[in-house]
Amino acid sequence: MAESSSVIPTPLLKDELDIVIPTIRNLEFLEMWRPYLSPYHLIIVQDGDPTKKIHVPEGYDYELYNRDDINRILGPKASCISFKDSACRCFGYMVSKKKYIFTIDDDCFVAKDPSGKDINALEQHIKNLLCPATPFFFNTLYDPYREGADFVRGYPFSLREGVPTAVSHGLWLNIPDYDAPTQLVKPRERNSRYVDAVLTIPKGTLFPMCGMNLAFDRDLIGPAMYFGLMGDGQPIGRYDDMWAGWCTKVICDHLGLGIKTGLPYIWHSKASNPFVNLKKEYKGIYWQEELIPFFQSATLPKECTTVQACYKELSKQVNAKLSNVDPYFTKLADAMVTWIDAWDELNPPSKGAAGIANGSA
């Protein structure tokens, strides 16, 4: 009888979740994550020189793709996948065949909660994704489905069922996710503030999505998780996750899906060079003043009932309304269409793919 109590439980969603990691270096950081990530399948997207050998610690089940593989699998459509930028990670989303994705950067380590206990970030992401979201009416106790919480007085009963959660956006201790100007004026700032909360981002509200500690339901929103054209040959970098976040939020609002932010925290170990970052970001810093109003006012027609249809419609609007900001956006709009075509080629739509919207609010 004593033996049965020591049986290790099967990890949550073990056969339904892939972990996607973009990298240019050996993945020794996975040693620290071994207790939490080793039961899962990894998809590693190697950026930069495809002849460089990447070391992955023993005991991990993984597949590794470099630029040569991307070109071989996608052919001419490989042009939509960024090169020399962590935006290449979205190729991993495309080749996965699992329902859920967790993506993490290779400079992220296991954080500790205020009691000193290690945080199982993946477990918290799964909890976020498996319980509903409440984008149509804000609950002042944050996530009402969490143990010890509920809907507050005055919350409409008709909305308490919630909607499916498409995205779980985690946060970071130590190095904050700052832009280059903020890095430059606050070079020694570290985030030690742990907020024990998860909330649904309200409908109609955009947010800056960070891709270093992120999970999503690939079946619900995967085709919108395109990290754009960044890095080598492009006039902008470090806006890949932002772009995916803005597009995803507009589509989630249209389809009646939710996005959660807050827990879990990871430990972000190293700050990138603010001068290098400024060179990558400076056009984006100007452009975002026009991009944000564009996304805030973007609407999608009722006929768009799949993520792919929504995304192609959004690409048309990008081309029509942002090309005057810079020719880059014409190129990006074309790449958005190429991305969806490549996604559908590798993931033929099933008969039940249409109509995931619940039409709420």
Residue pairs qualifying under the 8 Å Cβ cut-off, at least six apart or on distinct chains, with the first in the range 8-24 being under 17 Å from residue 90 (Cβ atoms) and among the charged types (D, E, K, R) and the second being open to solvent by less than 80 Å² (accessible area, probe 1.4 Å) and in a strand (DSSP E or B), are 18/41; 18/42; 18/43; 18/100; 18/101; 18/102
Contact list, first residue from the range 234-245 and over 11 Å from residue 285 (Cα atoms) and open to solvent by 10 Å² or more (accessible area, probe 1.4 Å), second anywhere and among the basic types (Lys, Arg) and at pLDDT 95 or above, beta-carbon distance below 6 Å, six or more apart or interchain, is 235/283
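Do the conditions hold for residue 270, that is, is it among the charged types (D, E, K, R), at pLDDT below 95, surrounded by fewer than 19 Cβ atoms within 10 Å (Cβ to Cβ) and within 21 Å of the chain's Cα centre (by Cα)?
Details: among the charged types (D, E, K, R): yes; at pLDDT below 95: yes; surrounded by fewer than 19 Cβ atoms within 10 Å (Cβ to Cβ): yes; within 21 Å of the chain's Cα centre (by Cα): yes.
Considered against the rule, which asks whether it is among the charged types (D, E, K, R), at pLDDT below 95, surrounded by fewer than 19 Cβ atoms within 10 Å (Cβ to Cβ) and within 21 Å of the chain's Cα centre (by Cα), residue 270 comes out as yes.
The rows are residues; the columns are (1) modelled with pLDDT of 95 or more; (2) in contact with a helix residue (DSSP H, G or I) (Cβ under 9 Å, 6 or more places away or on another chain); (3) closer than 27 Å to residue 290 by Cα.
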| position | (1), (2), (3) |
| --- | --- |
| 307 | yes, yes, yes |
| 315 | yes, yes, yes |
| 318 | yes, yes, yes |
| 326 | yes, yes, yes |
| 330 | yes, yes, yes |
| 337 | yes, yes, yes |
| 343 | yes, yes, no |
| 350 | no, no, no |
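Residues checked against (1) assigned to a strand (DSSP E or B); (2) open to solvent by 20 Å² or more (accessible area, probe 1.4 Å); (3) more than 26 Å from residue 96 (Cα to Cα):
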| position | (1), (2), (3) |
| --- | --- |
| 142 | no, yes, yes |
| 148 | no, yes, yes |
| 195 | no, yes, yes |
| 220 | no, yes, no |
| 227 | no, no, no |
Those residues of the range 336-347 which are surrounded by fewer than 21 Cβ atoms within 10 Å (Cβ to Cβ) and within 26 Å of residue 286 (Cα to Cα) amount to 337
Residue check, residue 305 surrounded by 14 or more Cβ atoms within 10 Å (Cβ to Cβ) and of a type in the set (Ser, Thr, Tyr) | yes
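Looking only at the range 74-85, count how many residues are on the phi < 0 side of the Ramachandran plot, open to solvent by less than 50 Å² (accessible area, probe 1.4 Å) and over 20 Å from the mean Cα position of the chain (by Cα).
The first filter runs over the range 74-85 and keeps only residues on the phi < 0 side of the Ramachandran plot, leaving 74, 76-83, 85.
Still in the list and also open to solvent by less than 50 Å² (accessible area, probe 1.4 Å): 74, 78, 80-82, 85.
From what is left, the residues that are over 20 Å from the mean Cα position of the chain (by Cα) are 74, 78.
Of the residues in that region, 2 qualify.
The values are calculated or read from the model by the stated rules, or taken from the named source; none is laboratory data. The structure displayed is predicted, hence computed values, not measured ones. Virtual Cβ from ideal backbone geometry, glycine too; neighbours counted across all protein chains shown. Ligands, DNA and RNA are excluded from the accessible area calculation, which covers all protein heavy atoms including side chains. Shrake-Rupley method; radii C 1.70, N 1.55, O 1.52, S 1.80 Å.
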